[in-house]
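Worksheet: one structure, shown below.
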Amino acid sequence: MRTIIQNGTVVTSGGIVKADVEIKGESITSISQTVKPEIGDRIIDASNQYIFPGGIDVHTHLAWPFQSTGTADDFVTGTKAGAVGGITSIINFTNPKRGASLIDTQKEWIEKGNQAVIDYGLHAIINEYSDRVLEELPILAEEYGVSSIKLFMAYKGEMMVNDLEMYKIMKKAGELGIITNVHAENGDVIDELVRQAIAEGKTAPIYHGYTRPTVLEAEATGRALAIAEAADAPVYIVHVSCADALNKVDEAKKRGVKAFAETCPQYLVLDISYLDLPNFEGAKYVCSPPLREKWNQEVLWNGISNGLISVIGSDHCPFRFEGQKTLGKDDFSKIPNGVPGLEDIFSLLYHFGVNEGRISLQKFVEIISTGPAELFGMSKKGSISVGKDADIVILDPNRSRVITAETQYQNLDYNAYEGMKVQGLITNVLSRGELIVKDGIFIGEQGRGNYIYRDRLHNKQFELTKNNLKNLNNPSSTGISFKVQYDK
Ligand SMILES: [Zn+2]
């Protein structure tokens with residue numbers, strides 16, 4: 001069946017045009033002012049609505065065992081929530097058991113993702129260094145299409161690697177065209193601050209924020225960037241939360257490091273005062289890095305505008321309040337770390353970014369779809385253009401909704417953005433040509449999502465430095481802030 005989306009306004013990172021979109025099978029086949037409907041076509045009317053490429057959330061923790069519990073969303077509930085929220089692809093993290101092979105872990109997680117309703121890729125987490133890791137990386141890349149790994153500088157004893165291990169892994173990854181995601185916080189010092197606070201009887205959620213100061217995020221960010229520079233490897237700093245850390249990214253980019261930064265909606269919209277809410281409600285907002293003082297928000301928005309930040313990811317790491325967050329009732333260090341965001345990231349970015357005038361429509365598309373697709377090697381995703389997968393979100397800018405746990409698809413008893421009114425209503429979502437969300441209701445089938453084999457960065461063809469500098473010098477630029485090419 002052919003599908004035609006009529007009368008809408010197509011937005012890409014390169015421009016905005018009033019046009020019809022023709023879809024045959026799973027792909028976009030034409031974008032023009034005059035696609036002639038025929039009998040048997042499915043027509044979707046997008047009058048007065050925007051047609052965006054589907055959102056790509058490269059930072060999710062579905063079905064994730066963590067800190068004595070596990071995240072509340074699996075690949076079914078999580079991807080349904082993402083779909084109604086305008087996300088048509090995710091990259092989830094694996095979570096290898098101690099001593100497990102990366103290959104076995106990858107197979108296990110591809111299997112877990114079988115139930116997804118949208119397409120999914122997997123970043124391979126490496127939580128423990130061994131020679132075998134270096135041997136398995138090429139296999140992961142070649143046979144499993146893994147073009148990104150992740151290392152932690154925090155969570156000592158669980159996932160943290162040391163500097164030498166990070167260097168060796170980054171170097172190997174860089175040679176293979178694999179980009180390394182880094183969780184940058186100084187785990188050693190944080191552990192000591194946490195121990196001291198608990199010993200002094202400071203057990204409330206707000207101390208989660210006080211024991212993870214911005215300076216320790218900035219220090220680790222700077223260190224990761226320096227190690228990546230020494231290893232001549234591309235690096236992606238996940239969840240940059242504050243000005244101090246973003247400054248390190250700025251410095252590194254200026255000296256030519258192949259550095260990229262991500263931020264998350266919680267750092268753009270929420271702040272540390274949420275950790276101080278009464279009745280232990282602050283626990284709902286415990287995530288790492290923690291929410292920061294409000295003034296950092298503007299710095300992060302500027303970072304998005306001027307190209308310092310390439311991608312927005314949700315860091316969707318959902319735990320229920322009752323029974324999970326309450327594990328830390330008497331000790332903030334036992335509150336599982338994470339906030340939900342997969343269902344609302346698209347809306348939050350549209351509302352607080354585009355609707356409130358902080359970013360352009362094209363910039364919106366760039367950081368929620370085109371940027372992540374390019375950086376993480378998803379060549380069929382990330383744009384409304386001929387030949388790409390028909391992953392499409394239709395949004396009515398004249399309608400609004402109020403975010404609430406009562407109506408969410410996320411498997412949670414709260415929503416971190418409860419009560420916020422967001423302008424712009426997602427009406428229809430297509431994934432590879434199939435209408436999976438109609439009038440805001442999920443109508444797709446469980447298990448229809450495909451595993452995404454991703455392309456690697458071709459190191460030698462990096463044009464990052466040049467383009468990043470150009471972008472910094474031209475903050476009003478709305479074009480893609482980096483240009484990379486891939487090995488097929
Ligand atoms: Zn995360």
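Numerical summary
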{"quantity": "Accessible surface of the range 1-131, 1.4 Å probe, proportion on carbon and sulfur as whole %", "calculated": "49 percent"}
{"quantity": "For the chain: relative contact order, % (alpha-carbon pairs under 8 angstrom, 6 or more apart)", "calculated": "21 percent"}
{"quantity": "Helix 75-84 axis, angle to the chain major axis (alpha carbon atoms, nearest 10°)", "calculated": "50 degrees"}
{"quantity": "Sum of -39500 (n - 2.57) over DSSP H runs of 4+, divided by residues of the chain (222 nm, nearest 500)", "calculated": "-8000 deg cm²/dmol"}
{"quantity": "18 Å Cα-Cα reach of Lys438 towards lysines, excluding residues that sit fewer than 8 places from it in its own chain", "calculated": "Lys80"}
{"quantity": "Surface share of carbon and sulfur [accessible, 1.4 angstrom probe, percent] for the range 319-423", "calculated": "44 percent"}
{"quantity": "Other-chain or far-sequence residues with amide H under 5 Å of Asn181's (modelled H)", "calculated": "Ile149, Lys150, Leu151, Tyr236"}
{"quantity": "Gain on full stretching of the segment that runs from Asn302 to Val402 - 0.36 nm per residue minus C-alpha separation", "calculated": "33.4 nm"}
{"quantity": "Residues of the chain: accessible area per residue with a 1.4 Å probe, Å²", "calculated": "36 Å²"}
{"quantity": "20 Å binning of all Cα-Cα separations within the chain, expressed as whole percents from 0 upward", "calculated": "26, 60, 14, 0"}
{"quantity": "Order by protection proxy (mean Cβ within 10 Å, highest first), peptides 35-45, 303-313, 120-130, 355-365", "calculated": "303-313, 120-130, 355-365, 35-45"}
{"quantity": "Whole-Hz ³J(HN,Hα) from phi, Karplus 6.51 cos²θ - 1.76 cosθ + 1.60, for the range 339-347, glycine and proline x", "calculated": "10, x, x, 4, 6, 10, 4, 5, 5"}
{"quantity": "Against the rule of thumb 2.2 N^0.38 Å, how large the Cα Rg of the range 169-276 comes out", "calculated": "1.19"}
{"quantity": "Violating pairs (Cα-Cα greater than 19 angstrom) within the set Lys202/Lys248; Lys112/Lys388; Lys18/Lys381; Lys150/Lys284; Lys150/Lys258; Lys112/Lys380", "calculated": "Lys202/Lys248; Lys112/Lys388; Lys18/Lys381; Lys150/Lys284; Lys112/Lys380"}
{"quantity": "Highest to lowest packing among 436-443, 334-341, scored as the average C-beta count within 10 Å", "calculated": "334-341, 436-443"}
{"quantity": "The range 364-407-the range 256-301 distance, computed between alpha-carbon centres (Å)", "calculated": "23 Å"}
{"quantity": "Gained length - Glu175 relative to Lys36, 0.36 nm times residue gap less alpha-carbon distance", "calculated": "45.1 nm"}
{"quantity": "Zone residues, the range 85-102, relative to Ile139, backbone N less than 13 Å from point 7 Å out along Cα-to-Cβ", "calculated": "100-102"}
{"quantity": "Residues whose placed amide H lies under 5 Å from that of His59, excluding near-sequence neighbours", "calculated": "Ile91, Ser314, Asp315"}
{"quantity": "Theoretical FRET efficiency, 1/(1+(r/R0)^6), r = Cβ-Cβ of Arg448 and Ser385, R0 30 Å, to 0.05", "calculated": "0.85"}
{"quantity": "The chain: angle of helix 295-305 to the longest principal axis, Cα-based, in degrees nearest 10", "calculated": "40 degrees"}
{"quantity": "Förster radius 25 Å - calculated FRET efficiency between Lys97 and Lys421, Cβ distance, rounded to 0.05", "calculated": "0.05"}
{"quantity": "Reach of Lys168 by Cα under 15 Å, taken over aspartates and glutamates that are not fewer than 8 positions away in the same chain", "calculated": "Glu128, Asp131, Glu135, Glu136, Glu229, Asp232"}
{"quantity": "Amide hydrogen neighbours beyond the local backbone of His239, cut-off 5 Å, H modeled", "calculated": "Glu262"}
{"quantity": "Degrees, to the nearest 10: 163-176 long Cα axis against longest axis of the chain", "calculated": "30 degrees"}
{"quantity": "Protection-proxy order for peptides 88-94, 326-332, each taking the mean of Cβ atoms within 10 Å per residue, highest first", "calculated": "88-94, 326-332"}
{"quantity": "Nitroxide proxy distance, nm - points 7 Å out along Cα→Cβ at Ile43 and Asp188", "calculated": "6.8 nm"}
{"quantity": "Those aspartates and glutamates that a straight Cα-Cα span of less than 18 Å connects to Lys36, excepting residues fewer than 8 apart in one chain", "calculated": "Asp20, Glu22, Asp45"}
{"quantity": "Cut-off 19 Å, label 7 Å out along Cα→Cβ of Asp131, residues of the range 86-123 by amide N", "calculated": "99-103"}
{"quantity": "FRET efficiency, Glu108 to Glu26 (Cβ-Cβ, R0 30 Å, nearest 0.05)", "calculated": "0.65"}
{"quantity": "Net length gained if the chain between Asp330 and Arg195 were fully extended (0.36 nm per residue, minus Cα distance)", "calculated": "47.2 nm"}
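The values are calculated or read from the model by the stated rules, or taken from the named source; none is laboratory data. This is a predicted model, so every value here is computed, not measured. Note: ideal-geometry Cβ built from the backbone for every residue, glycine included; neighbour counts use all protein chains shown. Remember, those area values only see protein heavy atoms, side chains included, never the ligands or the DNA or RNA. Shrake-Rupley method; radii C 1.70, N 1.55, O 1.52, S 1.80 Å.
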